[in-house]
1. Label-point separation (nm) for Ser177 and Ser101, each offset 7 Å from Cα along Cα-to-Cβ?
2. What number comes out for accessible area per residue over the range 53-120 if the probe is 1.4 Å? Units Å², please.
3. Is there a pair in Lys145/Lys212; Lys70/Lys327; Lys259/Lys299 whose C-alpha atoms are over 24 Å apart, and which pairs would that be?
4. Quick one: Karplus J couplings for the range 7-12, per residue in order, coefficients 6.51, -1.76, 1.60, θ = phi - 60°, nearest Hz, x for Gly and Pro?
5. Once Rh is set to the Kirkwood radius over Cα pairs, what Stokes-Einstein translational diffusion coefficient, in µm²/s, holds for the range 290-350 at a temperature of 37 °C and a viscosity of 0.692 mPa s?
6. Name the most mobile residue of Ser256, Ser208, Ser277, meaning the one with the largest mean-square fluctuation, in a Gaussian network model of the chain with Cα contacts below 10 Å.
7. Using θ = phi - 60° and the Karplus form 6.51 cos²θ - 1.76 cosθ + 1.60, what ³J(HN,Hα) does each residue of the range 154-171 get, whole Hz, x for Gly and Pro?
8. Quick one: compute the contact order of the range 27-78, relative version, from alpha carbon pairs under 8 angstrom and 6+ residues apart, as a percent.
Amino acid sequence: MARFIALYLPQYHPIPENDEWWGKGFTEWTNVAGAKPLYPGHKQPRIPTELGFYDLRLPEVREQQAELAKEFGVEAFCYYDYWFGNNKRLLERPIEEVIKSGKPDYPFCLSWANGSWYNKKWDPKAPDKDKMLIKQEYQGEDDYKNHFYALLPAFKDARYIKVNGKLFYMVCETFDSPEIKSFISCWRRLAHENGIGDFYFVGQDTDSRHKKEILDMGFDAIVNVDVKNVHHHFPTWKKVVLLLIRKVFKIPTVVSYRKAINYMVIDDCRSEEVIPSISPNWDHTPRSKHNGFVLSNAKPQFFKKLVLRAIEMVREKPVEEQIIMIKSWNEWGEGNYMEPDQLYGRGYLEALKEAIEITKG
């Protein structure tokens, strides 16, 4: 039976760094609530219903999320792990409280979001456009050890997700540094030394195009994460037209979700070392305005078809490797979430559960 693991964004509580960069009290909701429709029929802003504009410092919110996910067939949350090197870690409070409190009683794992953060201003004349806010650094074995020991309580937690007895850990920017190979080697050794076995390392890829290189780095598997695969298949003339529309008319790139799902899960996802990734929706304009990318008309019934295709891709794999990543549980600023909203209610959750029920047995 397919194992659905949903990526989980912890950017829903204030931190001093975001207060400094974006203004006091900034969270993901700041961009979400301020979003505007940018073309006729554009569905913005997206408004949450059952969970509201929540604050992840509240344990009852985390409990409600887990209850919803469990009810509709999501096995675990995969929390983003923001470790920038030199003991600098951000947005760790939600997962730290989950570990310390033992609640919710719901499985989890981690994904290293190892990328630098930039002050992305979409006005080309902005004085601080694309200024780096915090740099992702790879400082060698001592820093890898500090990172490992910071997360060791999570790895020892009975709720932590495993694959064939190995701890599931994903690395987002697989080619961000040649040091990733050394990082993997170091952590495998530390896992054995600390009595937690080994890791099931997963690297991110697009269309399996770098699969061999990633596996050769020491990863156990890849996950094909790219909601915009359909864009790569356009002829050059269409790409030029879309670019002109964005530049001249200030309208984001808009592609039919129904068309995009044909490219989201590729045939190579049948391979044991390839994990499919599915997205219920996508609209990056709350963050990026007219430079964003939108998958339009992302109705739950189309997502259900995508879920069914992903399940079909993994059903012949060994039981523990029948993993399907959901991108994401709650990335509202990307218009990429499973949580209930005003537009479709619980539609995406219900689509997931219906697809799972259809394929049982």
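1. 3.3
2. Value for the range 53-120: 40 Å² per residue.
3. Beyond 24 Å between Cα atoms: Lys145/Lys212.
4. Ordered by residue, 3J(HN,Hα) equals 5, 10, 8, x, 7, 10 Hz.
5. Translational diffusion coefficient: 248 µm²/s.
6. The residue with the greatest mean-square fluctuation here is Ser256.
7. Working through the residues one at a time gives 5, 5, 7, 5, 5, 7, 5, 5, 10, 10, 6, x, 9, 6, 6, 9, 9, 10 Hz.
8. 20
The values are calculated or read from the model by the stated rules, or taken from the named source; none is laboratory data. Bear in mind that the values here come from a model prediction, so they are computed numbers and not experimental data. Heads up, the Cβs are rebuilt from the backbone with ideal geometry, glycines too, and the neighbour counts pull from every protein chain shown. Side chains are part of the model used for accessible areas, which takes the heavy atoms of the whole protein and leaves out ligands, DNA and RNA. Shrake-Rupley method; radii C 1.70, N 1.55, O 1.52, S 1.80 Å.
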